[in-house]
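A short worksheet on the structure shown next.
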Amino acid sequence: MLSQRHGDDGNCLAHTAAHESPMSFSMLGIRIQKLPQNVLFAPALFWHSRRMEDETNERSIVAIEHTDSGVFVSNARVPRIIEMAGARARLRFLEYFTADIRNKGTREAYARAIGRFLDWCDASGCRLEEIRPIVVSSYIELLTTRVQAPTTKMHLAAIRKMFDYLVIGQVIPMNPAASVRGPKHVVKKGKTPVLSSGEARQLLDAIDVASISGLRDRALIGVMVYSFARVSAVIGMNVEDYFAQRRRMWFRLREKGGKHHDVPAHHKAEEYVDAYVAAAEIRDQPLGPLFRTVDCRRQLTNRRMLRGDVLRMVKRRARGAGIQSRVCSHTMRATGITSYLENGGSVEHAKNIANHESIRTTKLYDRRSDEPTLEEIERIHI
């Protein structure tokens, strides 16, 4: 059994869900045991000149670590079902994450999904070459009872793509997930929690800017709200990505797919970021991260904030402001888009600012119809 391990940055590299009660699932007469799992957790993978070590005394996992200098696979230990399939399968499995998947977020999400599936198969006594469509469909059917449909569809996509890569590498003869269908999921309205304009102003005004962490948090939230920026793009900014152009300040956001997206800074966001940068004294560090963590002495470090850091900060600041609504990091982006549309902005311009590929995605953030619906509901007099 593996225990929880932590790296120097405190991130969990491996975890065994011990002491779970066994659960069985039966489909078409096949009995499959659901036993304690080892789940692949981020960070995850490898490469560069780090030597790979074999540790045969522990159950296999993959620990992917993203750093500024590259992506690493800690000890290159893989799920046991892959290890048992031979060296070719092991190498092809590692190449799938390092060579085929370029997006960091996708790599980490797929690592967790695939690790969970392979450990489930291993616990059921199924070897890699014995996995058939009915095994995959049984797992997906079980997964739908435990997570929401979008998560299930993402897990199936990860499993299907991994098997495709193994088939191309001639590790297995067929893709057992190719014919498996996931649950239906139709979205007409986004589920991201949205704050009202008043609540957003209350959140920003409640932040104590007497400390460097307060200035940083106000600036970070301001960039997400006023620029419709994704949290990953904001924490990925360097100091040089806040720059002057045509007599005003701009933000350069590194969005999904490796695209750079330049957005003019709202005067409020500019005010917040200017105050933070001046207090942090980081203007002369153009290649350093813009939004950094603080140490135990509440001083800025040189370490870039992570998405988890931002999520905890947003929830903490919302509680401190007395906001009862459920919030997450993406709430800031959705709140900014909704406020823009409520004040006469066009969906087309919102799409361009948010850097959405499709206007249908932007419309998911449009919550202007919520108030009329509430008014109509109140017409019921009983």
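Rule-based calculations on the coordinates, nothing more; no lab input. As the structure is a prediction and not an experimental result, all values here were calculated from the model. Using ideal geometry, Cβ is built from the backbone for each residue, glycine included, and neighbour counts are taken over all protein chains shown.
I want to verify the translational diffusion coefficient of the stretch 69-158 in µm²/s; compute it with Stokes-Einstein, Rh as the Kirkwood radius over Cα pairs, at 25 °C and 0.890 mPa s. Translational diffusion coefficient: 175 µm²/s. Residues 155, 185, 330, ranked from the fewest to the most other C-beta atoms within 10 Å, line up as 185, 330, 155. Considering every alpha-carbon pair of the stretch 197-376, the percent of pairs per 10 Å bin, from zero through the bin containing the longest distance, is 9, 38, 37, 14, 2, 0. Distance between the 7 Å Cα→Cβ label points at residue 248 and residue 360: 3.3 nm. For 237, 224, 249, 332, what ranking results if the residue with the fewest other Cβ atoms within 10 Å of its Cβ goes first? Ascending number of Cβ neighbours within 10 Å: 249, 237, 224, 332.
If you take the Cα centroid of the stretch 250-280 and the Cα centroid of the stretch 137-206, the two points sit 30 Å apart. Measuring nothing but how far apart in sequence close Cα pairs (under 8 Å, 6+ apart) lie, relative to its length, the stretch 197-376 scores a relative contact order of 25 percent. Taking max minus min of the alpha-carbon positions on each principal axis, the stretch 257-361 gives extents of 45, 35, 28 Å, largest first.
Using only side-chain charges placed at the Cβ, +1 for Lys and Arg and -1 for Asp and Glu, the dipole size of the stretch 195-299 relative to its Cα centre rounds to 300 debye.
Of the cross-linked pairs 256/363; 104/161; 191/268; 161/351, those separated by over 24 Å at the C-alpha level are 191/268; 161/351.
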